[in-house]
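Student: Following this message is one structure expressed as C-alpha coordinates.
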Amino acid sequence: MDWKKPGIITLPRIYDPRGNLTFVQDFDQVPFHIARAYWTYDVPAGESRGGHSHHVAEELVIATGGSFNVNLYDGDTWNTYTLNRPYEGLYIPPGYWRTLDNFASGSVCMVLTSIPYSEEDYVRDYEEFKRIASKKND
Ligand code: TYD
(Lines give C-alpha, C1' and ligand atoms only; values in the text may rest on other atoms or scores of the structure.)
Protein backbone atom coordinates (compact mmCIF):
# COMPACT_ATOMS: atom_id res chain seq x y z
CA MET A 1 0.00 0.00 0.00
CA ASP A 2 1.31 3.42 -1.04
CA TRP A 3 0.26 5.67 1.87
CA LYS A 4 0.62 8.80 -0.32
CA LYS A 5 -2.42 7.71 -2.34
CA PRO A 6 -5.98 6.66 -1.48
CA GLY A 7 -6.77 2.96 -1.56
CA ILE A 8 -9.00 0.23 -0.22
CA ILE A 9 -7.55 -1.73 2.69
CA THR A 10 -8.86 -5.20 3.49
CA LEU A 11 -9.02 -5.42 7.27
CA PRO A 12 -8.53 -8.59 9.35
CA ARG A 13 -11.56 -10.84 9.65
CA ILE A 14 -12.10 -13.29 12.47
CA TYR A 15 -14.65 -15.73 11.13
CA ASP A 16 -16.97 -17.17 13.74
CA PRO A 17 -20.25 -19.08 13.53
CA ARG A 18 -21.52 -16.61 16.17
CA GLY A 19 -20.79 -13.71 13.79
CA ASN A 20 -17.62 -12.26 12.31
CA LEU A 21 -15.32 -9.65 13.84
CA THR A 22 -13.05 -7.00 12.31
CA PHE A 23 -10.62 -4.61 13.98
CA VAL A 24 -8.27 -1.72 13.24
CA GLN A 25 -5.24 -0.90 15.37
CA ASP A 26 -2.86 2.09 15.49
CA PHE A 27 0.03 1.86 13.00
CA ASP A 28 -1.00 -1.67 12.07
CA GLN A 29 -3.82 -1.59 9.49
CA VAL A 30 -3.48 2.22 9.23
CA PRO A 31 -0.27 4.31 9.09
CA PHE A 32 -1.44 6.74 11.79
CA HIS A 33 -2.45 7.00 15.42
CA ILE A 34 -6.27 6.97 15.63
CA ALA A 35 -7.11 10.18 17.49
CA ARG A 36 -10.84 10.32 16.76
CA ALA A 37 -13.77 8.39 15.31
CA TYR A 38 -17.00 9.84 13.99
CA TRP A 39 -19.88 8.37 12.04
CA THR A 40 -22.78 9.55 9.95
CA TYR A 41 -26.10 7.71 9.79
CA ASP A 42 -29.76 8.33 8.94
CA VAL A 43 -28.61 9.94 5.68
CA PRO A 44 -31.75 10.63 3.63
CA ALA A 45 -31.93 9.12 0.13
CA GLY A 46 -30.29 11.37 -2.45
CA GLU A 47 -28.28 13.37 0.13
CA SER A 48 -24.57 14.06 -0.17
CA ARG A 49 -22.04 14.57 2.67
CA GLY A 50 -18.44 15.73 2.78
CA GLY A 51 -17.44 18.49 0.39
CA HIS A 52 -14.05 19.35 1.89
CA SER A 53 -10.40 18.34 2.07
CA HIS A 54 -7.87 18.29 4.92
CA HIS A 55 -4.46 19.89 5.28
CA VAL A 56 -2.98 17.17 7.51
CA ALA A 57 -5.64 14.69 8.68
CA GLU A 58 -5.41 11.13 7.40
CA GLU A 59 -8.62 9.12 7.43
CA LEU A 60 -9.96 5.59 7.09
CA VAL A 61 -13.60 5.44 5.95
CA ILE A 62 -15.56 2.25 6.65
CA ALA A 63 -19.10 1.28 5.67
CA THR A 64 -19.83 -0.46 8.98
CA GLY A 65 -23.34 -0.95 7.61
CA GLY A 66 -24.93 -0.57 4.20
CA SER A 67 -23.32 0.98 1.16
CA PHE A 68 -22.27 4.38 -0.22
CA ASN A 69 -19.83 5.98 -2.64
CA VAL A 70 -16.80 8.10 -1.77
CA ASN A 71 -15.73 10.40 -4.62
CA LEU A 72 -12.15 11.68 -4.36
CA TYR A 73 -10.51 14.50 -6.33
CA ASP A 74 -6.83 15.38 -6.23
CA GLY A 75 -7.28 18.51 -8.36
CA ASP A 76 -6.67 16.50 -11.51
CA THR A 77 -8.72 13.28 -11.50
CA TRP A 78 -11.93 12.12 -9.80
CA ASN A 79 -12.11 8.52 -8.54
CA THR A 80 -15.18 6.85 -7.04
CA TYR A 81 -14.92 4.07 -4.46
CA THR A 82 -17.97 2.04 -3.48
CA LEU A 83 -17.82 0.93 0.15
CA ASN A 84 -20.21 -1.88 1.08
CA ARG A 85 -18.21 -4.33 3.20
CA PRO A 86 -17.62 -3.85 6.94
CA TYR A 87 -14.14 -5.42 6.59
CA GLU A 88 -12.91 -2.88 4.03
CA GLY A 89 -11.67 0.67 4.65
CA LEU A 90 -10.81 3.48 2.25
CA TYR A 91 -7.58 5.19 3.27
CA ILE A 92 -7.55 8.90 2.38
CA PRO A 93 -4.32 10.87 2.79
CA PRO A 94 -4.52 14.66 3.25
CA GLY A 95 -5.10 16.83 0.19
CA TYR A 96 -8.09 15.03 -1.36
CA TRP A 97 -11.46 16.72 -1.89
CA ARG A 98 -14.17 14.21 -0.97
CA THR A 99 -17.91 13.89 -1.38
CA LEU A 100 -19.99 10.95 -0.17
CA ASP A 101 -23.24 9.99 -1.87
CA ASN A 102 -25.47 7.15 -3.04
CA PHE A 103 -26.19 6.08 0.55
CA ALA A 104 -28.36 2.97 0.82
CA SER A 105 -31.04 3.25 3.49
CA GLY A 106 -29.69 2.37 6.96
CA SER A 107 -26.01 2.89 6.04
CA VAL A 108 -23.44 3.88 8.64
CA CYS A 109 -20.26 5.66 7.54
CA MET A 110 -17.56 5.42 10.19
CA VAL A 111 -14.39 7.52 9.86
CA LEU A 112 -11.19 6.99 11.85
CA THR A 113 -8.95 10.02 11.76
CA SER A 114 -5.44 11.00 12.82
CA ILE A 115 -6.15 14.29 14.63
CA PRO A 116 -8.72 15.69 17.05
CA TYR A 117 -11.43 17.85 15.48
CA SER A 118 -9.95 21.11 14.23
CA GLU A 119 -11.83 23.41 11.86
CA GLU A 120 -8.43 24.88 10.82
CA ASP A 121 -7.52 21.58 9.19
CA TYR A 122 -10.50 21.81 6.81
CA VAL A 123 -10.54 23.29 3.32
CA ARG A 124 -14.26 23.77 2.72
CA ASP A 125 -14.04 26.18 -0.22
CA TYR A 126 -13.80 24.29 -3.52
CA GLU A 127 -12.04 27.15 -5.35
CA GLU A 128 -9.46 27.38 -2.55
CA PHE A 129 -8.95 23.60 -2.76
CA LYS A 130 -8.32 23.82 -6.53
CA ARG A 131 -5.76 26.63 -5.98
CA ILE A 132 -3.91 24.56 -3.35
CA ALA A 133 -4.04 21.41 -5.52
CA SER A 134 -2.81 23.18 -8.65
CA LYS A 135 0.25 24.48 -6.75
CA LYS A 136 1.00 20.91 -5.54
CA ASN A 137 0.52 19.42 -9.03
CA ASP A 138 2.92 21.96 -10.61
P1 TYD B 1 -19.03 18.29 8.41
O2 TYD B 1 -17.52 18.28 8.36
O3 TYD B 1 -19.72 19.37 7.65
O4 TYD B 1 -19.62 16.88 7.96
P5 TYD B 1 -19.22 15.98 6.68
O6 TYD B 1 -18.52 14.79 7.26
O7 TYD B 1 -20.47 15.62 6.00
O8 TYD B 1 -18.31 16.78 5.82
O9 TYD B 1 -19.44 18.34 9.95
C10 TYD B 1 -20.75 18.65 10.34
C11 TYD B 1 -20.71 19.39 11.64
O12 TYD B 1 -20.21 18.54 12.68
C13 TYD B 1 -19.82 20.62 11.62
O14 TYD B 1 -20.50 21.67 12.31
C15 TYD B 1 -18.60 20.23 12.40
C16 TYD B 1 -19.12 19.17 13.35
N17 TYD B 1 -18.12 18.15 13.70
C18 TYD B 1 -17.61 18.10 15.00
O19 TYD B 1 -17.97 18.90 15.87
N20 TYD B 1 -16.70 17.13 15.32
C21 TYD B 1 -16.26 16.22 14.39
O22 TYD B 1 -15.42 15.34 14.72
C23 TYD B 1 -16.79 16.30 13.05
C24 TYD B 1 -16.33 15.34 12.00
C25 TYD B 1 -17.70 17.27 12.76
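The values are calculated or read from the model by the stated rules, or taken from the named source; none is laboratory data. In this text, all values refer to a predicted model and were calculated from it rather than measured experimentally. Positions of Cβ are backbone-derived with ideal geometry, glycine not excepted, and every protein chain shown enters the neighbour counts. When the accessible area is computed, the model is the full protein with side chains, heavy atoms only, and any ligands, DNA or RNA have been set aside. Shrake-Rupley method; radii C 1.70, N 1.55, O 1.52, S 1.80 Å.
Student: Could you give me D for the chain, from Stokes-Einstein at 25 °C and 0.890 mPa s, where the hydrodynamic radius is the Kirkwood radius over C-alpha pairs? Units µm² s⁻¹, please.
Tutor: 157 µm²/s
Student: Could you sort F23, F103 by their accessible area in this structure, using a 1.4 Å probe and putting the largest first? Walk me through the numbers on the way to the answer.
Tutor: Values: F23 80, F103 20 Å².
My answer, sorted largest first, is F23, F103.
Student: In debye, nearest 20, what is the charge dipole magnitude of the chain about its Cα centre with +1 on Lys and Arg Cβ and -1 on Asp and Glu Cβ, if you could check?
Tutor: 280 debye
Student: A further question on this structure: Would you please classify the overall shape of region 1-73 from the alpha carbon gyration tensor, given that a ≥ b ≥ c denote the square roots of the eigenvalues, rounded means a/c under 1.5, and beyond that prolate means a/b larger than b/c while oblate covers the rest?
Tutor: Oblate shape, in that a/c is at least 1.5 and b/c is the bigger or equal ratio.
Student: With θ set to phi - 60°, apply the Karplus curve 6.51 cos²θ - 1.76 cosθ + 1.60 along region 77-88 and write out the HN-Hα couplings as whole Hz, x wherever there is a Gly or Pro.
Tutor: 10, 8, 10, 10, 10, 8, 9, 8, 10, x, 9, 10
Student: Give the long-range amide H neighbours of L11: residues separated by 5 or more places, or on another chain, with amide H under 5 Å away, using H modelled in the peptide plane at 1.01 Å from N.
Tutor: E88, G89
Student: A further question on this structure: Put E47, E120, E59 in order of accessible area, largest first, 1.4 Å probe: what do you get?
Tutor: Of E47, E120, E59, the descending order of accessible area is E120, E47, E59.
Student: State, to one decimal in nm, how far the label point of M1 lies from the label point of S48, with both points 7 Å from Cα in the Cβ direction.
Tutor: Each label point lies 7 Å from its Cα, and together they span 2.8 nm.
Student: What are the extents of the Cα atoms of region 57-138 along their three principal axes, listed from largest to smallest and rounded to whole Å?
Tutor: Answer, in whole Å and largest first: 39, 28, 19 Å.
Student: Ordering W78, W97 by how much accessible area each has at a 1.4 Å probe, largest first, what is the list?
Tutor: W78, W97
Student: Using alpha carbons only, how many degrees (0 to 90, rounded to 10) separate the axis of helix 126-136 from the longest principal axis of the chain?
Tutor: 80 degrees
Student: Let me ask something additional. Heavy atoms of the protein only, probe of 1.4 Å, neighbouring chains included. What is the accessible area of L21 in Å², nearest 10?
Tutor: Counting only protein heavy atoms, the figure is 100 Å².
Student: For V30, what residues show an amide H to amide H distance below 5 Å, using hydrogens built from the backbone and excluding near sequence neighbours?
Tutor: Excluding prolines and chain starts, which carry no amide H, the hits are Q25.
Student: If amide hydrogens are placed 1.01 Å from N in the peptide plane, which non-local residues have theirs closer than 5 Å to the one on H54?
Tutor: Residues meeting the criterion, in which the H sits 1.01 Å from N, are G95, Y96, V123.
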